[in-house]
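Structure first, then comments.
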Amino acid sequence: MKLFCKACGGGLNPEDERCSLCGTPAGVDPDELEYVELTGGIADNPSPVLMPGESEDFAETEGQDVFCNDCGWKNPAGANFCSRCGKPLQQVGAAPARVVTRPPVSRTEGSGSSVEQGVGLRVGIIVGSAVLMVLAAFLLYAMSADPPIASGPQPAVPLTADAFADVAPGIAQAAEALQDSVEASTGEERVGFLRRTVELYIGAGRYDLAGEYQRQVAAETDQELDWAFAGNLFYDSMERAVEQSDLRATLAKAAVAAYQEVLRLNPDNLDVRTDMAVAYLSDPDNPMAAIQETQEVLRRDSLHVQANFNRGIMLFQINRMEQARDQFLKVQRIVGNPEDALWQRAQSAIDQIEAAMSGQGT
């Protein structure tokens, strides 16, 4: 008898303890879970990225089995979660993305050391010629100075009605029913209906609309995790709007606004500050804040692995090859494990830099 996941409908093998596509425990109704985890492809671990011009040889071959880094279980190609332990699988070579997780309602303590906890380690690649022209002029100053932080509170940027137009009829009908429930309720009941709307849009792959409703959740609860979740949803939507510059800018501003609410509640959340720095790169009104925020993270924690990697990319982009190489060597020292995907990405970057330096006769 063929088995199917109750959450996403994906096929299950008899020995699977969890769905390899969505991570839901086999045989468990998703409505019974304390919270729902969904993924856009890569876990919230040190994320492998491609340097500008990097060869795809480093990436896994399409169709290759994926081994879990936690328990070693072999999973089929395309799996997002380990079917044995349920941990997110690391898809080396794919585009960077964050596991989108609806946090519990209760507030938790601050994030602490990013290296110890491994929370929010997203590596942002700086791309786009227009952004690079601005960065190149500014980085020469920013890399050697200690510029002030110019990123004050940003107003929320709601999505336009057009964003809601392209929604499947079934999803739109369900969302309308939930919206009626939201408007007819108050307090925790209202928040509950808002969360269900968030999950509905996540399941439909509309992280932008999910972010819009998650922002309403956060406005009701004013919890750090809720604001961070809203920022993550907008961030991931921004990453997908590659060829839509206006939409990307709108989503970047929305992500920044949500992340700034996190920092209002917890100024020491350096993982969120680092993600906010990457989001600033897509904000045409304030791209220099990306450098300022990255520098601020490193001022507070010189061993923050993601910020160090991002700084290496920035140095590479403005042709400061020796400094970029030193920066990636520092990333390797911080990670400490040659088997780690981020350590290997840093090595790939070092190899490219040394090849470029050799070609330049340096």
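Values quoted throughout were computed directly from the atomic coordinates according to the rules given, and no laboratory measurement underlies them. Worth saying up front: this structure is predicted, and the values here are computed from it rather than measured. In this analysis, Cβ positions are derived from the backbone assuming ideal geometry, glycine residues included, and neighbour counts consider all displayed protein chains.
Placing unit charges on C-beta atoms (Lys and Arg positive, Asp and Glu negative, everything else neutral), compute the dipole magnitude of segment 268-356 about its Cα centre in debye, rounded to 20.
Here segment 268-356 has a charge dipole of around 240 debye.
Label positions at L265 and D180, each projected 7 Å from the Cα along the C-beta direction, are separated by 3.2 nm. Could you tell me the calculated FRET efficiency between L329 and E189, based on Cβ-Cβ distance and R0 = 56 angstrom, to the nearest 0.05? E(calc), rounded to 0.05, equals 0.55.
Computed on segment 179-334, the Cα convex hull volume stands at 122 Å³ per residue. Computed from label points 7 Å out along Cα-Cβ, the spacing between S302 and D246 is 4.7 nm.
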